[in-house]
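See below for the structure under consideration.
Read-outs: derived from the displayed coordinates by stated rules, not from any lab. Quick caveat, the model's predicted, so the values are computed rather than measured. Note that each Cβ is placed from the backbone with ideal geometry, even for glycine, and that neighbours are counted across all protein chains shown.
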């Protein structure tokens, strides 16, 4: 399969990378750019472990081709740099094994940006897009609400 060189804006830096047309954004972030925060889970869009932000919205990077991200702003967990939601996850013990945590944090970060006055229904809908096998969602919801109240 033929490769092409593209420019991706990842964490506010332009990255030149050579990809195949079939390379997912997840594969490119992890294997070409060394950004391993987005995790491979189900690889079919169900679990949310690979969630990143694309132009401020959560995107399951296993479902997006890298070439689709050209001209868009991609933010990974590595690009948040001690954000309020990251601190809230720690303060509220909103993780156990941590594998799904980056995806949840990215999803929550997008929710805070897109819906700073989110109600319980909106929060529940957004949290349904990610799966955690280790913990209940109560601590995650508590962490999210603590940041929303602070806005």
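Here are some notes:
- Residues of the range 72-89 with amide N under 18 Å of a point placed 7 Å along Cα→Cβ from residue 122: 85
- Measuring nothing but how far apart in sequence close Cα pairs (under 8 Å, 6+ apart) lie, relative to its length, the chain scores a relative contact order of 24 percent.
- Relative to the longest principal axis of the Cα atoms of the chain, the long axis of helix 138-150 lies at roughly 90 degrees.
- Take 42-51, 134-143, 93-102 and order them by the average number of nearby Cβ atoms within 10 Å per residue, most first; the result is 42-51, 93-102, 134-143.
- The candidate values are (1) 15.3, 50; (2) 34.3, 95; (3) 15.1, 42; the one derived from this structure for Rg and Dmax of the Cα atoms in Å carries the label (1).
- Counted over the chain, the DSSP beta bridges are approximately 90% antiparallel.
- The label-point distance for residue 114 and residue 149, in a model that sets each label 7 Å from Cα toward Cβ, rounds to 2.5 nm.
- Mean residue ellipticity (222 nm) of the chain, computed from DSSP H runs ≥ 4 via -39,500 (n - 2.57), nearest 500: -8500 deg cm²/dmol
- Estimated FRET transfer efficiency when R0 is 22 angstrom, pair residue 43-residue 3 (beta carbons, to 0.05): 0.55
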